[in-house]
Every structure is written in structure tokens, then in C-alpha cells.
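A short write-up of the structure that comes next.
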Amino acid sequence: MFRLCVFPNDQLSAYYKKGEIKPRYFNPQNIFDEIHVISLFDSDEKEENVKNVAGKAKFKIHIVGKTSLLNIRTKKKEILNLIKEIKPDVIRSYNPLLQGHIASHIGKKLGIPVVVSLHGDYDKDLRYYAKKNHDIKSYLKLLYSKKYLESFAIKNADEIIIIYDFIRNYAKKMGARNINLIYNRIDLSQFSPDVEPAFKESKPVVICVGRLMKEKNQECLIKAIKDLDVILLLVGDGVQYDQLNALTKELRIQDKVRFERTMPHKEIHRYYASADIFALPIKYGGFSIPVLEAAASGLPVVLPKHEFDPNPELIKDFAMLVQNDPQSFRNAISGILSDTKLYDKMVQSGLEKVKEINSDIMEEKEKELYLKLMKKN
């Protein structure tokens, strides 16, 4: 009987609210018989609402209470005793922060292999923009995190998973021993050009999927479509909703911008099917899951050039990369929609590229990594 202990990046209730509960997300090809989630929060979602992440495995959420730098020593002892009782074969953390630090600490103490996944370059994304935006409080917190949390978590993990190659240098710099590139899973049976659309518009629809936050830069798209005869569909919620909504009114284009603040993952493919083009002026490096979902859905993709990643893997083969400003996005969207040959070429390139990284291939790679660790142990 194989058991896995998981430290998720956030409360499962947050993923449930966003509709992002994906089958077998914690249990690739149902390799584990039990999945135990360690929730570092005061509350979390009901197990029956999120059990799909465990596939066929027995599923349990252990709520250990709000954990922070102030009580981490006490919490580490409590979680250590809990994990002793669970007796997992592997421990997995989905970030190198508090969760990753605790996972690596306990794995080291108990001789249990630990896998930590990295979903971004904390130097070139979070710390860089905190410093650039003169957010001194956040920057100092992130420096502390780098020195005391991230370095320990990454250095002491048996295996590191990076979700795109942009993160590799950061992982190496932080002392990662074994680095595995495993892209985010895209289910091509859900995301394809042959999907019934959720709605139909007489005008072209530009879709952008992602949290409404400064770093995702939806403000750029709102300004970009001001003089275009299109509909902009923003899927996602976040702290910038009020500001972005106010901007549409200020520009007098509220009739051209549609917000879908909540969207179950099981429905999102129908909204891609309703769109004509995908655009995301994100400031972070690498690429997000919606980029791959859009390409798999048969949409041309427009993304910004990143100053630290001018020749990005995968997306360079199918996306149009432009400067991260409204005029550049406006020109790209207009150019693609007015050029049928270019449009079709971008669609075909995206469809071919996502076949190389479909869900079955990535799930198999993750399963094999777990098997390797369990055989060693």
C-alpha cells in the first residue's frame, strides 16, 4: 500500500472555489492508495468536494491550523508527529515556502523522500517586481523567505519538479540536487477545437484567463481593445477586479469587456471554444496553464516578451511574442484577426506543440518519478 503526504500551495477550498479541482492531480495514474493532505490553515474544503484530486485513493485532509513564521517551530513538531502516524512513502510540497520548508525538514528527520515542485522563479518574478515596484515590505519578506525557507526546502528535497525550463537556473542556484522538467498537465480530451461553445458573439472574442492581479496585467488588454471591434472576455477573479471594472467605465468600453469571475474547470473549455484569440500580458516568466489550454483549444496566442526569457521554450513555436504594452497587443490582435493564413498557421502550430506535452505523457513522468523514489526507499 503506497501513501503520499501532500502540502498544497493553498487551501483546497481556494481551488474548489475557482473550479480548479482536477482528477488525479495528486495521484498520477492512481499510483497511491492513500493521499493525505496537510493543510496549514484553520479550515479547508469538505473532503467529498475535492476528493477527485486523489483519483481512486482514500483521501484525508488534516487541518493543522494557521501556520506562519511566528509558530513554525511548534507546528513542525505537531506535523512531524502527524506524519509519523500516517507513515507515507513520499512527501510532496507544491512550493518551496512554508510548505516546502516543513516538508523537507520532516522528510530529513524521518528518512522519507521529498518532492518539491517549483511553479516560478522567485528571484526573477516575485523579488524582482517587489523591488521594482518599491514594495519594500514584500521585498524584505521575500528576502527572508529566500534565505530561510526556499534554500532549505530546495537543497534538502530529494527531487525538484520544475513546470517549465525558465525555472531551472533558479533551482540550481538554490542548491537543487535532482531537477525534473514536468509540464503542467493538459487534458486533450477536454481541450480541443471540437468543443461546443458556451456562447456565440457576432464580433471576435479575445479571451484572457488568469487571476485579476497587477502581475497578470489585464489593464494592458483593456486599453489594447479600446479601438478594436472585439469583445474582451476576462475569466478569473482577484484583487484588481474593482480597478479593472472602473477602467472599462473610464474608457467607456464596459459594453466590450465581459468579466467571468468564477468558472469551474469542467466548463472553461467551452469558453475557449467561444473565443477567437487568446492574449495574456503577464509580467512573469515561463507560461501559465491557460496558455496551453488555449493552444489545445485551437486559439492563436499572444504573449509578451520577457526581459529574462527572450527565447522561451515551447511557446516560441506557436505564440506571437510582443512588447508588453497596449499598442503592441492591439497591433498583434488586429493583425492576427485580419490575416487568415497567419491565423490558421498559429492555430496549427499550437495544436501540434501541445500534443508533445499532453496529460498522459506528463502524468506518466510524474508517476515514474514517485516509483523511483519509493524503490530507492
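Any read-out appearing in this document is the output of simple, stated calculations on the displayed coordinates, not a laboratory observation. Source: prediction; values computed, not measured. Counting neighbours? That spans all protein chains shown, and the Cβs are built from the backbone with ideal geometry, glycine included.
For the residue pair LYS84 and ASP135, what label-to-label distance in nm results when each label sits 7 Å from Cα along the Cα-to-beta-carbon direction?
It works out to 4.0 nm between the two label points.
Below 18 Å, Cα to Cα, which aspartates and glutamates can LYS173 reach? Residues fewer than 8 away in the same chain don't count.
Partners found: ASP121, ASP123, ASP125, GLU150, ASP158, GLU159, ASP165, ASP309.
How do the peptides 331-338, 129-136 rank, highest first, by the average count of neighbouring beta carbon atoms within 10 Å per residue?
On the way: 331-338: 18.0, 129-136: 12.8.
Going by the mean number of other Cβ atoms within 10 Å, highest first, we get 331-338, 129-136.
To the nearest 20 Debye, how big is the dipole of region 205-355 about its Cα centre, given +1 on the beta carbon of each Lys and Arg and -1 on that of each Asp and Glu? Intermediate values should be presented prior to the final figure.
On the way: 20 positive and 20 negative charges, 26 e Å.
My answer is approximately 120 debye.
Given LYS18/LYS147; LYS87/LYS372; LYS172/LYS214; LYS214/LYS249; LYS226/LYS353, which pairs have Cα atoms separated by over 22 Å? Before the final figure, lay out each step's value.
Details: LYS18/LYS147 32 Å; LYS87/LYS372 18 Å; LYS172/LYS214 28 Å; LYS214/LYS249 19 Å; LYS226/LYS353 32 Å.
Too far apart for the 22 Å limit: LYS18/LYS147; LYS172/LYS214; LYS226/LYS353.
Run the numbers for GLU364 and LYS266: contour at 0.36 nm per residue of separation, minus the present Cα-Cα distance, in nm.
Details: separation 98, 0.36 × 98 = 35.28 nm, distance 2.23 nm.
Taking 0.36 nm per residue and subtracting the Cα distance, the gain is 33.1 nm.
Which of SER338, PHE308, SER297 sits farthest toward the positive end of the charge dipole of region 205-355, with +1 on the Cβ of Lys and Arg and -1 on the Cβ of Asp and Glu?
Highest projection toward the positive end goes to SER297.
When only DSSP loop residues count, what GluC sites (Glu not before Pro) in region 1-82 have their Cβ near at most 15 other Cβ atoms within 10 Å? Please list the in-between numbers first.
On the way: sites: GLU20, GLU34, GLU45, GLU47, GLU48, GLU78; in loops: GLU20, GLU45.
Here no GluC sites (Glu not before Pro) fit, given the DSSP loop and packing criteria.
Residues of region 319-341 with the amide nitrogen closer than 16 Å to a label point 7 Å from the Cα of ASP227, along Cα-to-Cβ, please.
Backbone N within reach: 325-335.
Taking the highest mean first, how do the peptides 104-116, 347-359 order by number of other beta carbon atoms within 10 angstrom per residue? If you can, show how the numbers build up before the last one.
Numbers: 104-116: 19.8, 347-359: 17.5.
Highest-to-lowest ranking by the protection proxy: 104-116, 347-359.
Roughly how many Å is it from the Cα centre of region 197-254 to that of region 51-121, as a whole number?
38 Å
Return the subset of LYS223/LYS305; LYS256/LYS345; LYS200/LYS266 for which the Cα-Cα distance in this structure is over 21 Å, preserving the input order. Mind showing how you got there, number by number?
Details: LYS223/LYS305 18 Å; LYS256/LYS345 27 Å; LYS200/LYS266 19 Å.
Correct reply: LYS256/LYS345.
With point charges of +1 on the Cβ of Lys and Arg and -1 on the Cβ of Asp and Glu, referenced to the Cα centre of region 1-109, which listed residue (ALA103, TYR16, SER43) lies farthest in the positive direction of the dipole?
Checking the options against the dipole of region 1-109, the answer is ALA103.
Kindly provide the helix-only [θ] at 222 nm of the chain, computed as the sum of -39,500 (n - 2.57) over DSSP H runs of four or more divided by all residues, to the nearest 500 deg cm²/dmol? If you can, show how the numbers build up before the last one.
Numbers: 15 runs with 145 residues, N = 377.
Value at 222 nm, helices only: -11000 deg cm²/dmol.
Please state the charge dipole magnitude for region 23-72, taken about the Cα centre, from unit charges on C-beta atoms (+1 on K and R, -1 on D and E), reported in debye and rounded to the nearest 20.
Roughly 120 debye for region 23-72.
Looking at region 244-286, which trypsin sites (Lys or Arg not before Pro) are DSSP coil and have at most 14 other C-beta atoms within 10 Å of their C-beta?
Taking region 244-286 and a limit of 14 other Cβ atoms within 10 Å, the loop trypsin sites (Lys or Arg not before Pro) found are ARG252, ARG261.
Across 10 Å bins from 0, what is the distribution of all Cα-Cα pair distances for region 205-355, in whole percents?
Distribution as computed: 12, 45, 37, 7, 0 percent.
Could you give the size of the charge dipole of the chain about its Cα centre, using +1 on the Cβ of each K and R and -1 on the Cβ of each D and E, expressed in debye and rounded to the nearest 20?
Working: 61 positive and 50 negative charges, 327 e Å.
Magnitude of the dipole: close to 1580 debye.
Take the alpha carbon gyration tensor of region 75-185, find the square roots of its eigenvalues, order them as a ≥ b ≥ c, and report rounded if a/c is under 1.5; if not, report prolate when a/b exceeds b/c, else oblate. Before the final figure, lay out each step's value.
Working: a/c = 2.47, a/b = 1.47, b/c = 1.68.
Cα axes put region 75-185 in the oblate bin.
In square nanometres, what is one fourth of the surface area of the convex hull spanned by the alpha carbons of the chain?
18.1 nm²
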